[in-house]
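**Student:** Once you've had a glance at the structure underneath, I'll fire off some questions.
The values are calculated or read from the model by the stated rules, or taken from the named source; none is laboratory data. Since this is a predicted model, take the numbers as computed values, not measurements. Neighbour counts run over all protein chains shown; Cβ positions are idealised from the backbone, glycine included. What goes into the accessible areas is simple: the full protein's heavy atoms, side chains included, and nothing from ligands, DNA or RNA. Shrake-Rupley method; radii C 1.70, N 1.55, O 1.52, S 1.80 Å.
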Amino acid sequence: MPQSAEPRVASEPAWDLGAIVADLAGLRALSQRRRYRGRPLPELPSREAVAGVLQDLVAALYPRHFGPNGLSEDTLDVFVADTIEQALRRLRREVRRELRLTDLDGAAKPGEIDRQALTIVADFAHDLPRIRALLDSDIRAAFDGDPAAKSIDEVVFCYPGVAAMIRHRLAHRLYALGVPMLARIVAEIAHAETGIDIHPGAIIGESFFIDHGTGVVIGETARIGRRVRLYQAVTLGAKRFETDEHGRIVKGGDRHPILEDDVVIYAGATVLGRVTIGQGAQVGGGVWLTRSVPPGSVITQAKPVADSFESGGGI
């Protein structure tokens with residue numbers, strides 16, 4: 001049987017690469033003129049660099065778990081010091097980039113952005129022990145709240161809710177210090193790694209536990225108290241978005257739920273709008289909630305009605 005002939009390869013590609021590149025360049029230039037108002041193009045933050053800084057900060061916070069193997073008591077502090085120093089230097093560069101990006105009118109005085117970046121990174125650095133203490137409370141809450149947890153080390157290594165919170169606590173501090181884009185990059189890295197989507201603006205108290213975690217969404221203006229527990233696929237979202245006279249969404253405004261201390265929200269529940277879930281309340285799985293509930297409430301779905309065939313009725 002004769003072998004099939006080799007497919008013919010055209011000597012020239014069927015696409016006009018020059019025209020494609022020119023069209024993309026035109027669209028890019030138009031977009032940049034709108035965003036930067038004719039200014040020279042500012043240097044953008046590097047997502048890759050932010051990811052590296054994040055990886056180092058996680059290792060510095062929990063060096064025995066996420067640092068290199070073989071660290072001893074004698075070398076732990078040396079590793080932590082060197083890792084933090086290198087991470088903060090790189091973070092300062094990315095902070096400068098974001099600050100220059102937001103200086104649309106070029107109003108910053110010479111040296112002002114550099115000084116502001118240094119202040120932000122120094123404040124962030126000084127907060128690292130407080131962030132570690134908050135994370136320790138989250139880890140303990142996960143261990144105490146999950147009967148399947150065998151050890152604290154297992155929780156640190158394996159729990160996606162803990163991984164998400166390590167990154168959220170870092171991102172939230174960056175957000176509060178005035179670099180929301182870098183904070184959002186950290187949050188989206190965590191989202192990609194864990195399936196848990198926490199906006200860096202969300203304020204979350206100590207001893208917070210997300211069990212399982214996949215599909216949890218927490219909006220920017222959510223406020224969560226102490227010892228709160230969420231299960232997978234819980235949404236703390238906005239009910240509606242206000243618009244201006246031109247129909248454009250109004251940015252900002254408190255639009256996400258408030259959860260007081262000791263609240264538990266079970267799998268698949270959705271809580272929308274600026275509502276308050278009172279202290280110690282429990283929201284059952286699959287509940288759709290758009291109103292506030294008092295402390296100690298237990299909110300569940302309506303009981304299912306038996307099918308008429310099961311109950312012996314006719315059609």
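**Student:** Give me the percent of the accessible area of the stretch 89-152 that comes from carbon and sulfur atoms, probe 1.4 Å, all protein chains in place.
**Tutor:** Result for the stretch 89-152: 54 percent of the exposed heavy-atom area is carbon or sulfur.
**Student:** Let me ask you something else. For the chain, what does the accessible surface come to per residue with a 1.4 Å probe? Please give it in Å². Write down the numbers at each step before the final one.
**Tutor:** Working: 18340 Å² over 315 residues.
Accessible area per residue: 58 Å².
**Student:** To continue, here is another question. Given Leu134, Val156, Ala117, which one lies farthest toward the positive end of the charge dipole of the stretch 108-169, if we put +1 on the Cβ of every Lys and Arg and -1 on the Cβ of every Asp and Glu?
**Tutor:** Among Leu134, Val156, Ala117, the one farthest towards the positive end of the dipole of the stretch 108-169 is Ala117.
**Student:** OK, next. For the stretch 59-112 and the stretch 156-192, what is the separation of their Cα centres, given in Å?
**Tutor:** Rounded to whole Å, the Cα centres lie 14 Å apart.
**Student:** A further question on this structure: List the chymotrypsin sites (Phe, Trp or Tyr not before Pro) in the stretch 202-305 that DSSP assigns to loop (not H, G, I, E or B) and whose Cβ has at most 13 other Cβ atoms within 10 Å. Which are they?
**Tutor:** Passing both the DSSP loop test and the Cβ count: Phe241.
**Student:** Counting GluC sites (Glu not before Pro) as exposed when in a DSSP loop with at most 14 other beta carbons within 10 Å, what is the longest stretch of the chain free of them?
**Tutor:** Values: sites that count: Glu43, Glu242, Glu245, Glu310.
Of all site-free stretches, the longest is 44-241.
**Student:** Pick out, in residue order, every one of the trypsin sites (Lys or Arg not before Pro) in the stretch 207-302 that is DSSP loop and has at most 15 other C-beta atoms within 10 Å; say none if there are none.
**Tutor:** Lys239, Arg240, Arg248, Lys251, Arg291
**Student:** Which one, [x] 37; [y] 50; [z] 32, gives percent of Cα pairs over 30 Å apart as derived from the coordinates shown?
**Tutor:** Among [x] 37; [y] 50; [z] 32, the one calculated here is [y].
**Student:** Net charge near Ile258: determine it from the other residues with C-beta under 12 Å of the C-beta of Ile258, scoring Lys and Arg +1 and Asp and Glu -1.
**Tutor:** So the surrounding residues net to 0.
**Student:** While we're looking at this one, here's another question. Asp23 accessible area, nearest 10 Å², 1.4 Å probe?
**Tutor:** 100
**Student:** Could you report the accessible area of Arg35 in Å², rounded to 10, computed with a 1.4 Å probe on the protein chains as they sit in the structure?
**Tutor:** 110
**Student:** In addition: How large is ³J(HN,Hα), in whole Hz, for each residue of the stretch 102-115 in order, when computed from phi with the Karplus curve 6.51 cos²θ - 1.76 cosθ + 1.60 and θ = phi - 60°, using x for Gly and Pro?
**Tutor:** Computed from phi, the couplings for the stretch 102-115 are 8, 7, 4, 8, x, 7, 5, 6, x, x, 5, 5, 4, 5 Hz.
**Student:** Would you tally the net charge around Val275, using a Cβ to Cβ cut-off of less than 10 Å, leaving Val275 out, and scoring K and R as +1, D and E as -1?
**Tutor:** Values: positive: Lys239, Arg274, Arg291; negative: none.
Residues near Val275 contribute +3 overall.
**Student:** What percent do you get for the relative contact order of the chain when only Cα pairs under 8 Å and 6+ apart count?
**Tutor:** 9
**Student:** Sum -39500 (n - 2.57) across every DSSP H segment of at least 4 residues in the chain, then divide by the residue count to get the 222 nm mean residue ellipticity, nearest 500.
**Tutor:** Per the formula, -15000 deg cm²/dmol.
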